[in-house]
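Participant: Starting off with a structure, shown below.
The values are calculated or read from the model by the stated rules, or taken from the named source; none is laboratory data. What you see is a predicted model; the values in this text were computed from it and never measured. Neighbour counts run over all protein chains shown; Cβ positions are idealised from the backbone, glycine included. The accessibility values were calculated without ligands, DNA or RNA, using every heavy atom of the protein model including side chains. Shrake-Rupley method; radii C 1.70, N 1.55, O 1.52, S 1.80 Å.
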Amino acid sequence: MRAARLIRMVLLLQSRPSMTAAELASELEVSERTVTRDAQALSEAGVPVYADRGRAGGYRLIGGYRTRLTGLARSEAEALFLSGVPGALREMGLEDAASAARLKVSAALMPSLRDASRSAAQRFHLDAPNWFKEQKAPELLPAVADAVWDDRRIMARYRRGENEVERELEPYGLVLKAGVWYLCARVAGQGSYRVYRIDRFTAVEAGDERSERFERDEEFDLPGFWDERAEQFARSLLRAEVVVRVSPDGVRRLPYAVDPQSVREVLRAAGAPDGDGWVTLTLPVESEEVAHTQLAALGPDVEVLAPKELRERFAGDAIRLAALYGA
């Protein structure tokens, strides 16, 4: 424990011109008295730590001293590539590994580049969840993430409808989509890849580190697999059709109301606009109920032609709106 802290203290001093005892104590999560003792221990071990006295004083390394203890561990290197997603790192239990990796990289950089991590953080931040949704990481996410990094099989129980199902899975990758965590995994012994919502897992048991590792298919492309499955999922939801007549402004706004890929396809197949510039489209939708909510956002720039029940529903909306605003 102390050895790791001493190494971290050297790396901190190597990455900055100097640091006060208070700054070191805050970074190392110890007291200033402990910082003083650690600095003395380093000095006695041959590390040239120098203490400047006075109000502007602090600790620094002298003589251009540089440690060789900057090699990245595997977990630190993997976490470093995700360091632009701090929330995801924290939820997967990799925040400490990423912090150590950034510190080692900072210590290895030339002095002129040591502010790179701070300047990058000031210029880019990823906030993955949707607005107005409370983000809550799945309780079993760290266990699943550990198995993903180590290529270890897991026995997972998950909710499917009102039942629970148990599967032996080979966890290939994690995806964070709009604040929801998914696992892309291969069912052991079947060779088929599937997608699971991690918040539906009720239990996860990882295999022994030596005996339960699986052989990863190196040709598996996680981004490509996810894009394909996401498109299939989106299309599987579109089980109904509505016929609409849309104004030029409505055509422009339509991709923001319904599935944009479907809009692009139906527009390519659409006929010429009528005399008023309106086009008639047959839109695939999830259901009439969902279509009512989505198309209502277009207001008077869309007219529902079919099905009859949905058209009557919009007619009723128009009557109620006229009663509200007619006076």
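Participant: Taking the stated definitions as given, is residue 297 closer than 30 Å to residue 152 by Cα, surrounded by 11 or more Cβ atoms within 10 Å (Cβ to Cβ) and of a type in the set (A, V, I, L, M, F, W, C)?
Facilitator: Working: closer than 30 Å to residue 152 by Cα: no; surrounded by 11 or more Cβ atoms within 10 Å (Cβ to Cβ): yes; of a type in the set (A, V, I, L, M, F, W, C): yes.
Answer is no for this residue.
Participant: Now, a different point. Would you confirm whether or not the range 191-203 contains a residue that is touching a helix residue (DSSP H, G or I) at 6+ places or on another chain (Cβ under 7 Å), surrounded by 12 or more Cβ atoms within 10 Å (Cβ to Cβ) and at pLDDT below 90?
Facilitator: No, that holds for no residue.
Participant: If you go through the range 269-283 one residue at a time, how many are of a type outside the set (D, E, K, R), open to solvent by 40 Å² or more (accessible area, probe 1.4 Å), over 23 Å from residue 319 (Cβ atoms) and modelled with pLDDT of 90 or more?
Facilitator: Quick first cut of the range 269-283, residues of a type outside the set (D, E, K, R) only: 269-273, 275, 277-283.
Subsequent filtering for residues that are open to solvent by 40 Å² or more (accessible area, probe 1.4 Å) retains 269, 271-273, 275, 278, 280, 282.
Cutting the leftovers down to over 23 Å from residue 319 (Cβ atoms) gives us 269, 271-273, 275, 280, 282.
So of that shortlist, the ones also modelled with pLDDT of 90 or more come out as 272-273, 275, 280, 282.
Count: 5.
Participant: Here's something else I'd like to know. Could you give every pair whose Cβ atoms fall below 6 Å, whose first residue belongs to the range 280-299 and is of a type in the set (Asp, Glu), and whose second residue is surrounded by fewer than 15 Cβ atoms within 10 Å (Cβ to Cβ), counting only separations of at least 6 or pairs across chains?
Facilitator: 286/237
Participant: Out of the residues in the range 263-312 that are acidic (Asp, Glu) and more than 17 Å from residue 247 (Cα to Cα), which is nearest to the chain's Cα centre (by Cα)?
Facilitator: Kept after step one, since they are acidic (Asp, Glu), are these residues of the range 263-312: 265, 274, 276, 286, 288-289, 301, 303, 309, 312.
With more than 17 Å from residue 247 (Cα to Cα) added as a condition, the list becomes 265, 286, 288-289, 309, 312.
Values: 265: 29, 286: 26, 288: 32, 289: 31, 309: 41, 312: 42 Å.
Looking at the filtered set, the residue picked out is 286.
Participant: Continuing with the same structure: Please enumerate the residues belonging to the range 15-59 that are in contact (Cβ under 8 Å) with a residue 60 or more places away in the chain and in contact with a Lys or Arg (Cβ under 6 Å, 6 or more places away or on another chain). Step through it out loud before you land on a result.
Facilitator: Taking the range 15-59 first, the residues in contact (Cβ under 8 Å) with a residue 60 or more places away in the chain are 15-17.
The answer is 15, and nothing else.
Participant: What helices (runs of 4 or more DSSP H) completely inside the range 213-284 contain at least 1 residues that are within 30 Å of residue 187 (Cβ to Cβ)? Full working, then the answer.
Facilitator: Details: elements: 222-236, 248-257, 260-269.
So the answer is 222-236, 260-269.
Participant: Among what's in the range 285-294 and is in a helix (DSSP H, G or I) and out of contact with any helix residue (DSSP H, G or I) (no Cβ under 7 Å at 6 or more places or on another chain), pick the residue that is surrounded by the most Cβ atoms within 10 Å (Cβ to Cβ).
Facilitator: Initially, the range 285-294 is screened for residues in a helix (DSSP H, G or I), giving 288-294.
Imposing the further condition that a residue be out of contact with any helix residue (DSSP H, G or I) (no Cβ under 7 Å at 6 or more places or on another chain) reduces the set to 289-290, 293.
On the way: 289: 12, 290: 14, 293: 11.
Filtering the range 285-294 for residues that are in a helix (DSSP H, G or I) and out of contact with any helix residue (DSSP H, G or I) (no Cβ under 7 Å at 6 or more places or on another chain), the one surrounded by the most Cβ atoms within 10 Å (Cβ to Cβ) comes out as 290.
Participant: What number of residues in the range 304-327 are open to solvent by 100 Å² or more (accessible area, probe 1.4 Å) and touching a Lys or Arg at 6+ places or on another chain (Cβ under 6 Å)?
Facilitator: Residues that pass the stated criteria total 0.
Participant: Tell me, which residue of the range 1-21 that is out of contact with any strand residue (DSSP E or B) (no Cβ under 9 Å at 6 or more places or on another chain) and of a type in the set (A, V, I, L, M, F, W, C) is nearest to residue 96 (Cα to Cα)? Break it down into steps so the answer makes sense when it comes.
Facilitator: Going residue by residue through the range 1-21, those that are out of contact with any strand residue (DSSP E or B) (no Cβ under 9 Å at 6 or more places or on another chain) are 1-8, 11, 15.
Next cut, of a type in the set (A, V, I, L, M, F, W, C) only: 1, 3-4, 6-7, 11.
Numbers: 1: 14, 3: 17, 4: 13, 6: 16, 7: 15, 11: 15 Å.
Step by step, filter the range 1-21, then rank; the result is 4.
Participant: Restricting the search to the range 211-240, which residues are surrounded by 15 or more Cβ atoms within 10 Å (Cβ to Cβ) and either without any contact (Cβ under 8 Å) to a residue 24 or more places away in the chain or within 30 Å of residue 289 (Cβ to Cβ) (or both)? Write out each step before concluding.
Facilitator: Within the range 211-240, the subset surrounded by 15 or more Cβ atoms within 10 Å (Cβ to Cβ) is 212-214, 225-226, 229, 238, 240.
Within the range 211-240, 226, 229, 238, 240 qualify.
Participant: Right, another one. Which of the residues that make up the range 141-190 are without any contact (Cβ under 8 Å) to a residue 60 or more places away in the chain and assigned to a loop (DSSP other than H, G, I, E, B)?
Facilitator: Selection gives 161, 162, 178, 179, 188, 189, 190.
Participant: Could I ask something else about it? Does residue 47 satisfy being modelled with pLDDT of 80 or more, assigned to a loop (DSSP other than H, G, I, E, B) and either acidic (Asp, Glu) or closer than 20 Å to residue 14 by Cα (or both)? It would help to see each step written out before you state the result.
Facilitator: Working: modelled with pLDDT of 80 or more: yes; assigned to a loop (DSSP other than H, G, I, E, B): yes; either acidic (Asp, Glu) or closer than 20 Å to residue 14 by Cα (or both): yes.
Yes: the conditions hold for residue 47.
Participant: Filter the range 1-38 down to the residues that are at pLDDT below 85 and of a type in the set (D, E, K, R), then identify the one that is nearest to residue 60 (Cα to Cα).
Facilitator: Taking the candidates together, the pick is 16.
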